[in-house]
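The values are calculated or read from the model by the stated rules, or taken from the named source; none is laboratory data. Predicted model only: the values in this text are computed from it and were never measured. Cβ placement follows ideal geometry from the backbone for every residue including glycine, while neighbour counts extend to all protein chains displayed.
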Amino acid sequence: MICDFHLHSNRSDGTLGPAELMELAAAQGVGALALTDHDDVSGVPEAQRRGCELGVEVLTGVELSVSEEEARVQMHILGFGVSLEDPRLDELLAVVRARRVARAGEIVDRLRRAGVPLDPALIRELAPAAIGRPHIARALVRAGVCKSAEAAFGRYLRRGAPAFVPSPGVGAREAIEGIHGAGGIAVLAHPPRSGGVDAPGGLESFIWRWLRLGLDGLEVWHPRHSRQQVRKLRRIARRHELVETGGSDFHGETRAGVLPGHLAIGPEVLNGIREALARRH
Ligand code: AMP
Ligand code: MN
Ligand code: MN
Ligand code: MN
């Protein structure tokens, strides 16, 4: 059975609705997955309903935005197995989404100052509550300003570009406690893409800081990880008795060659997540 524990729907910056995403995942042979939208769990019930009809097991999930050291350190923490009815987690996600809306306004202001007026109505049309840079990138393509979303990031939205505003987030402690409070496990998403590679002391010392806050696992398999990075992450996970997870980080047809089930993650990863969840209960 193929598993995939990192997927986005259009409740955040994916392009497919939760049900459509389940249909594609099933067609790709995925038997168990987690929907992990940025700062939003509203797509999970629809995914679970369609997943049930298709024979795809759907774990609850979220990819929470974390911002530390005045946004110099930004990372994503995946929560798996969280309750969808936990008022504190709900509130935490609502806070991040509200910050996302305010930040999108700042990006639009910066674009205007850079000579690129964007119609807020166009962005509202393209963006859900968990609005992010990909929606603004798509609006720039729709408005004919950029040829592709990738080009929009390169020209305006990446760190260092004229309209860059750091991603909003909560502190790592708040994020991990919020996930634990909702009965879930907290896993550091794509650690090499969280500043860990360049951090003084490297990946392990970067991860060590979050271990002390109760981090449960590492995302070991991700399309952007090199084989060498995967080996290193596995070593670190074993040393600290961390759960190892992985997934496609599928966002729709946005990255050539990446589909649900892309890395053919095996059922042992599902078992690892289940065991870690059982230990928390
Ligand atoms: P945000 O959370 O609003 O800062 O947006 C980050 C999201 O933008 C990531 O989750 C990716 O989906 C996407 N992203 C980041 N960098 C790029 C890039 N260079 N090109 C296209 N999409 C990107
Ligand atoms: Mn994304
Ligand atoms: Mn991420
Ligand atoms: Mn993601």
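Things to note:
- Restricting the stretch 196-231 to residues that are at pLDDT 95 or above and among the β-branched types (Val, Ile, Thr) leaves a set whose member that is nearest to Gln74 (Cα to Cα) is Val220.
- Selection of the stretch 251-271 for residues being at pLDDT 95 or above and in contact with a helix residue (DSSP H, G or I) (Cβ under 8 Å, 6 or more places away or on another chain) yields His251, Leu259, Pro260, Gly261.
- For the residues Ile131, Ile136, the requirement of being away from ligand 3 (no atom under 16 Å from the Cβ), closer than 30 Å to Asp198 by Cα, crowded, with 23+ Cβ neighbours inside 10 Å and under 18 Å from the mean Cα position of the chain (by Cα) singles out Ile136.
- Residue count, the stretch 144-184 (criterion: outside any loop (DSSP other than H, G, I, E, B), buried (at least 18 other Cβ atoms within 10 Å of the Cβ) and within 16 Å of ligand 2 (Cβ to nearest atom)): 4
- In the stretch 1-28, the qualifying residues are those that are of a type in the set (D, E, K, R) and under 18 Å from Thr60 (Cβ atoms), and the one that is farthest from ligand 2 (Cβ to nearest atom) is Asp4.
- Every listed requirement among (1) more than 15 Å from ligand 1 (Cβ to nearest atom); (2) at pLDDT 95 or above; (3) in a helix (DSSP H, G or I) is met by Arg110 save one, (1).
- Among the residues listed as Val101, Val58, Val108, Val95, the single one being over 18 Å from the mean Cα position of the chain (by Cα), away from ligand 2 (no atom under 16 Å from the Cβ) and β-branched (Val, Ile, Thr): Val108
- Filter pass, Arg88 being among the basic types (Lys, Arg), under 30 Å from Leu59 (Cβ atoms), touching a residue at least 60 places away in the same chain (Cβ under 8 Å) and within 16 Å of ligand 4 (Cβ to nearest atom): no
- Residue match in the stretch 162-170 (condition: out of contact with any Asp or Glu (no Cβ under 7 Å at 6 or more places or on another chain), of a type in the set (Ser, Thr, Tyr), free of Cβ contacts under 8 Å to residues at least 12 places away in the same chain and at negative phi): no
For every residue, the table says whether it meets (1) within 15 Å of ligand 3 (Cβ to nearest atom); (2) among the small types (Gly, Ala, Ser); (3) modelled with pLDDT of 95 or more.
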residue	(1), (2), (3)
Ala25	no, yes, yes
Asp37	yes, no, yes
Gly43	no, yes, yes
Leu54	no, no, yes
Glu69	no, no, no
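- Restricting Arg238, Arg274 to those that are modelled with pLDDT of 95 or more, surrounded by fewer than 14 Cβ atoms within 10 Å (Cβ to Cβ) and away from ligand 2 (no atom under 16 Å from the Cβ) reduces the list to Arg238.
- Residue match in the stretch 2-14 (condition: within 26 Å of Glu268 (Cα to Cα), modelled with pLDDT of 95 or more and away from ligand 3 (no atom under 16 Å from the Cβ)): yes
- Complete set of residues in the stretch 17-45 that are assigned to a strand (DSSP E or B) and β-branched (Val, Ile, Thr): Val30
- Looking at Val230, Val220, Val187, just one residue is out of contact with any helix residue (DSSP H, G or I) (no Cβ under 6 Å at 6 or more places or on another chain), buried (at least 22 other Cβ atoms within 10 Å of the Cβ) and not in a loop (DSSP other than H, G, I, E, B), and that residue is Val187.
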